[in-house]
Structure formats: structure tokens, C-alpha cells
Amino acid sequence: MPVLHIEETNARSVLVPQNPPGEPVSEYTLNPYSGCGLGCAYCYVMKFPFAREHPQAWGEWVRPKMNAPFLLGKARTKIYGRKIFMGSATDPYQYIERKYRLSRRCLKVLVDCNLKGLTVHTRSHLILDDLDLLTQFGSRLRVGFSVPTNDDRVRKRTEPKAPKIGVRLNAMKRLRQAGIYVTASLAPVLYCQPREFAEQIADAADGVYFGAMDYTDRTGIAAMPNARRYFNGPAYRELVAELKAALIEVGMLKSEA
């Protein structure tokens with residue numbers, strides 16, 4: 001497996017304003033790292049210019065933003081009472097978080113900002129390291145947990161450096177037991193056992209975000225001809241429909257009828 005290139009850097013900013021129509025999920029995104037050591041093959045971030053222009057392949061480099069907590073502290077008045085999404089372009093709990101603790105240090109700043117809402121998106125059980133801080137946000141916190149499949153054979157092919165599926169499901173249950181609202185992100189849906197998967201999600205999450213794979217260009221999937229054909233074929237569409245029906249059956253999605 002390739003060596004992970006770690007490039008410590010000082011960022012000019014760690015907050016990106018968001019201006020979506022309607023009631024926004026977030027008003028600012030926050031990414032304590034640039035790049036990601038997990039390197040999931042389907043990650044949409046690798047199509048962004050900063051990722052395409054890096055000399056190393058996606059998943060082989062990460063830049064810890066060493067001054068992220070400091071910059072966040074300077075922006076306290078700007079984000080006071082706002083909504084923040086942490087982890088829109090990186091996993092805040094990739095394994096080097098155990099060394100740098102940038103996500104934890106950012107949470108310590110955010111605790112004092114009286115946020116209206118905080119969403120943390122990850123696929124890693126390391127988020128449990130910060131359970132003491134996360135619970136301080138109460139009902140204002142949502143944790144989005146990426147679980148695109150329940151088949152570890154698929155995980156080994158598409159996200160081999162990410163935690164096993166069972167580890168993720170157990171972490172989600174731990175978060176719920178602590179009173180934290182957990183959303184399972186099934187986006188993009190990968191090959192799975194639909195009925196079993198729906199039941200597992202119902203047991204581990206409060207809500208679900210569901211989406212099919214509709215982008216393969218400029219991702220690692222583009223280098224997997226068989227996978228690319230599968231995502232563009234009828235068998236995949238049937239799988240997505242079956243999973244959607246199963247999620248409706250267990251009460252995780254509402255019927256469109």
C-alpha cells in the first residue's frame with residue numbers, strides 16, 4: 001500500500017461560506033485537513049482542481065491545517081449562532097487525527113460558539129474519541145456516517161483503507177446511545193444485500209440520506225471498467241430500487257406514493 005504523504009501546512013482560512021437556497025443545512029463548511037488518507041474510489045472530492053493538480057494520487061496525501069483551531073477561534077464572532085458542516089471535503093476522523101487532533105481542537109472552539117447547528121460527517125469510529133465534546137452540543141448536533149454498502153468485499157475494493165462496515169455500524173450505535181442523532185449516508189449506494197442492509201441501517205441510525213452513483217468520471221471508479229459498466233447498467237438500477245423499497249419498508253424512507 002502506498003505511503004501516505006503528510007504535508008503540514010498553515011491555511012489562510014478553514015471556513016467556506018455556503019449560500020444554498022431555502023433553509024441551509026450549513027452556513028459554513030469546515031475542513032481541518034486537505035486531502036484524505038482514506039482515498040475512497042468513489043469520492044467526488046478528487047475531481048476538484050486542488051486534488052487533480054496534486055502530484056500524488058487521491059488517498060496518498062493529506063495536509064493537516066496546523067492553524068485550523070487558531071483561525072476558527074479568530075472567527076468566533078462570525079460563526080456565533082450559525083450552522084457549521086465539518087467534513088465536506090475530507091474525513092475529519094481519518095487515522096492521522098489520532099496524531100494531530102485538529103478536529104478535536106476545532107470542536108473545543110465550536111463548543112463556545114453557541115452554534116445553531118453542527119453536522120459532522122465521517123466514516124470512522126475515531127469520532128468516538130470525542131464523545132465527551134460532541135455530547136455538549138445536544139440536539140444541535142447531527143452526525144452523518146458514510147455507509148455505502150454492508151458488504152466488506154465491496155469495501156475492500158472501493159475503500160480499502162476505511163474502517164470495516166461492522167465497526168462503523170457499532171460506532172453509529174454508540175453515538176445513538178449517547179443521545180446523538182445519527183444519519184446514515186448511503187451515497188453513493190454500492191453493491192449490497194438490500195433487505196439485510198436496510199435492517200442494519202434501521203438498527204444503527206435515526207435517519208438516512210440515500211443516493212445512487214451518478215458520477216464516475218474523474219474518480220477512482222473510472223479506472224475500474226467492470227464497476228463502471230455495473231453502475232451504468234440495469235442490474236445497478238434494480239439494486240437501488242430494491243434497497244429504496246426495503247428502506248421504506250423498515251421506516252427509514254418515506255414512500256413517494
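About the Cα centre of segment 5-249, how large is the charge dipole given +1 on each Lys and Arg Cβ and -1 on each Asp and Glu Cβ? Please answer in debye to the nearest 20. Spell out each step's value before the answer.
Values: 36 positive and 24 negative charges, 132 e Å.
Once rounded to the nearest 20, the dipole reads 640 debye.
Grab the beta carbon distance between TYR209 and THR77, set R0 = 51 Å, and tell me the FRET efficiency rounded to 0.05. All intermediate terms of the calculation are to be shown ahead of the outcome.
Details: r = 32 Å, r/R0 = 0.62.
According to the calculation, E is roughly 0.95.
Put a dot 7 Å past each Cα toward the Cβ at ASN232 and TYR44; how far apart are the dots in nm?
Taking the two extended label points, one gets 2.0 nm.
Show me the ranking of peptides 32-44, 188-200 by mean Cβ neighbours inside 10 Å, starting with the highest.
On the way: 32-44: 22.5, 188-200: 19.9.
Packing order, densest peptide first, comes out as 32-44, 188-200.
Of ALA171, VAL45, THR77, whose Cα points farthest to the positive end of the dipole of the chain (charges on the beta-carbon: +1 Lys, Arg; -1 Asp, Glu; origin at the Cα centre)?
Farthest towards the positive pole: THR77.
Determine the gain in length on full extension of the stretch ASP152-GLU8; use 0.36 nm per residue of separation and subtract their C-alpha separation, reporting nm with one decimal. Please list the in-between numbers first.
Details: separation 144, 0.36 × 144 = 51.84 nm, distance 3.23 nm.
Length difference between fully extended and current span is 48.6 nm.
Of LYS99/LYS173; LYS78/LYS116; LYS74/LYS108; LYS47/LYS156; LYS108/LYS164; LYS78/LYS108, which sit over 18 Å apart, Cα to Cα?
Working: LYS99/LYS173 25 Å; LYS78/LYS116 13 Å; LYS74/LYS108 13 Å; LYS47/LYS156 22 Å; LYS108/LYS164 28 Å; LYS78/LYS108 16 Å.
Violating the 18 Å limit, Cα to Cα: LYS99/LYS173; LYS47/LYS156; LYS108/LYS164.
May I ask you to compute the full-extension gain from GLN56 to VAL250, defined as 0.36 nm times their residue separation minus their alpha-carbon distance, rounded to one decimal in nm?
Working: separation 194, 0.36 × 194 = 69.84 nm, distance 4.27 nm.
Full extension from GLN56 to VAL250 adds 65.6 nm.
Pulled fully out, how much extra length does the chain show between MET66 and ARG218, if you take 0.36 nm times their separation in residues and subtract their Cα-Cα distance?
On the way: separation 152, 0.36 × 152 = 54.72 nm, distance 2.88 nm.
Between MET66 and ARG218, full extension yields an extra 51.8 nm.
Assign one of three labels to segment 93-152, namely rounded, prolate or oblate, based on the Cα gyration tensor with a ≥ b ≥ c the square roots of its eigenvalues; rounded applies when a/c is under 1.5, prolate when it is not and a/b is larger than b/c, and oblate otherwise.
Working: a/c = 2.60, a/b = 1.40, b/c = 1.86.
Oblate.
Looking at the P(r) of the chain, how many percent of alpha-carbon pairs lie beyond 32 Å?
21
Coordinate-derived values only; no laboratory data. Bear in mind the structure is a predicted one, so any value in this text is a computation, not a measurement. Glycine also receives a Cβ, built like all others from the backbone with ideal geometry; neighbour counts cover every protein chain displayed.
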